[in-house]
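Worksheet for the structure shown next.
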Amino acid sequence: MTQRRHLSLPPREEEIAGPLHDERVAARLGLALGIAFGICFVTGLISHAIQQPPWWFTWPTRPVNLYRVTQGLHVITGIASIPLLLAKLATVYPRLFTWPPVRSAPHALERASVFVLVGAAFFELITGLLNIAHWYPWAFFFPTTHYAVAWIAIGAILVHIAIKLPVIRRALGAPVDEGERDSGNDGTGPSRRLLLTAAGTGVVAVVLATAGATVPWLRRVSVLAVRTGEGPQGVPVNKSAIAAGVVDTASDPDFRLEVAGPDAVITLSLDDLRAMTQTEASLPIACVEGWSASATWRGVRVRDLVMQVGGSPEQDVRFISLQESGLYGQSVLPAQHARDDLSLLALELNGEELDLDHGFPCRLIAPSRPGVLQTKWVRRIEVIA
Ligand SMILES: Nc1nc2c(c(=O)[nH]1)N[C@H]1C(S)=C(S)[C@@H](COP(=O)(O)O)O[C@H]1N2
Ligand SMILES: [Mo]
């Protein structure tokens, strides 16, 4: 008969043993989680700054795929964090309920920080996932809350690392396999190495299942990826013309684009726009939700329109959509992007006139920008003073 150990409830610290609860496993999972969260945090800050730029922030226009890469990383590292966080919790959860609940002031701080950390981490991962799924079962505005809680999560992680530093150093310094039997493994259960391999396999599985949303050669294996390649003209659609309520205004033959600048306000028909110099650019749509797709666009340079109304290359430019409802009916293109050769008011996508769902009659497409700022169904362009 093998002796089975039973934890008393709530468990006492000294009862928590076995390879799963070994600090060498916990620290290695923690390291991987820290790296994933770190990348996710930094890329999230970048995305936030591009969308709500503080005065000191500029974002380069090259490489054209830059935002595609940072935001792809944001979502991939977030998804990779899910199995890591679950594995990490499996290693430490008995400690979350040990008795006595508080042994000293530092111990109280440690426990409080762990609860904040777990709560904030779960909140970020769950809201992020639901946002990808376009499911908003909450009343708050996703970007603001997701951003605020990210700071709480990263703060709690830093406190946790600071408190645990001696343990982390000791645990990471000790070889994984060493003294396996002493850690409570009687040889019948999984080893520490096996547990780490299982967590790693979980990470690879969830990444492969989803990363095809942004990595084209993973499309076929990414069974859980959203919006990969389907959609009119080979590009996914996030908001259709019907959903945006623009079908009639966008397909009106009397459509006129207004361009307003310091010297003039001009109106241009679609034929006027077609008669201007056309430029072709290969640029991605890179949605904040992590999916992205490259496409060939053709249309009028934003710079040319700005110059026609007396604007300068130092001025930001606002794009206003026919769409009257919702939050994405407007965007501001910073001067650095507005004067770029590849920033277009696109009339064509992949060799055809823009599909109504992709923004017909005309839409903004600029390099290295979040999809949400690539305004569709543009009706007015304003050079901002
Ligand atoms: N007017 C308007 N433009 C918009 C949106 C919108 O909802 N309304 N969605 C944006 C988002 S979130 C993305 S990712 C891109 C997607 O462009 P596509 O539908 O042509 O692929 O359009 C952007 N332009
Ligand atoms: Mo998007």
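The values are calculated or read from the model by the stated rules, or taken from the named source; none is laboratory data. Please read these numbers as outputs of a predicted model, since none were measured by experiment. All Cβ positions, glycine included, derive from the backbone under ideal geometry; neighbour counts span all protein chains shown. The accessibility values were calculated without ligands, DNA or RNA, using every heavy atom of the protein model including side chains. Shrake-Rupley method; radii C 1.70, N 1.55, O 1.52, S 1.80 Å.
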So which residue, out of VAL149, VAL235, VAL226, gets the largest mean-square fluctuation from a GNM of the chain using Cα contacts under 10 Å as springs? VAL149
Equivalent ellipsoid semi-axes for the range 234-383, as square roots of 5 times the alpha carbon gyration tensor eigenvalues: give them largest first, rounded to whole Å. 21, 17, 15
Surrounding charge for GLN71, neighbours by C-beta under 11 angstrom, Lys/Arg +1, Asp/Glu -1, total +1
All lysines inside 26 Å of LYS164 as judged from Cα atoms, apart from same-chain residues fewer than 8 positions distant: LYS88
Stretch gain in nm, segment ALA90-ILE126, where the contour uses 0.36 nm per residue and the Cα spacing is subtracted: 11.1 nm
Sequence ranges 251-263, 319-331, 278-290, ranked by mean other-Cβ count within 10 angstrom, highest first: 278-290, 319-331, 251-263
Estimate the FRET efficiency between ARG274 and LEU45 by the formula 1/(1 + (r/R0)^6), using the beta-carbon distance for r and 56 Å for R0, to the nearest 0.05. 0.85
With the cut-off at 40 Å, report for the chain the share of all Cα pairs above it, as a whole percent. 31 percent
Rounded to the nearest Å, what's the spacing between the alpha carbon centres of the range 221-255 and the range 19-66? Just the number, please. 30 Å
Filtered hits (lysines, Cα-Cα < 25 Å from LYS376, offset >= 8 within chain) -> LYS239
Compute the length gained on full extension between GLU324 and TRP217: take 0.36 nm times their separation in residues and subtract their Cα-Cα distance, giving the result in nm to one decimal. 34.8 nm
The chain, accessible surface, carbon-and-sulfur percent (1.4 angstrom probe): 62 percent
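Under a Cβ-Cβ cut-off of 13 Å, what is the net charge of the residues other than LEU356 that fall near it, where Lys and Arg count +1 and Asp and Glu count -1?
Values: positive: LYS239, ARG363, LYS376; negative: ASP248, ASP252, GLU352, GLU353, ASP355, ASP357.
Result for the neighbourhood of LEU356: -3.
Given 0.36 nm per residue, what is the gain on full extension from ARG256 to ALA385 after removing their alpha carbon distance, in nm?
44.1 nm
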The range 2-218, Cα convex hull volume normalised per residue, Å³: 173 Å³
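Determine, from the Cβ-Cβ distance of LEU224 and TRP55 and an R0 of 30 Å, the FRET efficiency 1/(1 + (r/R0)^6), rounded to the nearest 0.05. Walk me through the intermediate numbers first.
On the way: r = 40 Å, r/R0 = 1.33.
Rounded to the nearest 0.05, the efficiency is 0.15.
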Rounded, prolate or oblate: pick one for the range 151-263, where a ≥ b ≥ c are the square roots of the eigenvalues of its C-alpha gyration tensor, a/c under 1.5 means rounded, and failing that, prolate if a/b is larger than b/c, else oblate. prolate
Which order do peptides 215-222, 243-250 fall in by mean Cβ count within 10 Å, highest first? 243-250, 215-222
Residues of the chain: accessible area per residue at 1.4 Å, in Å²? 50 Å²
Between ALA243 and LEU158, what is the FRET efficiency for a Förster distance of 41 Å, r being their Cβ-Cβ separation, to the nearest 0.05? 0.50
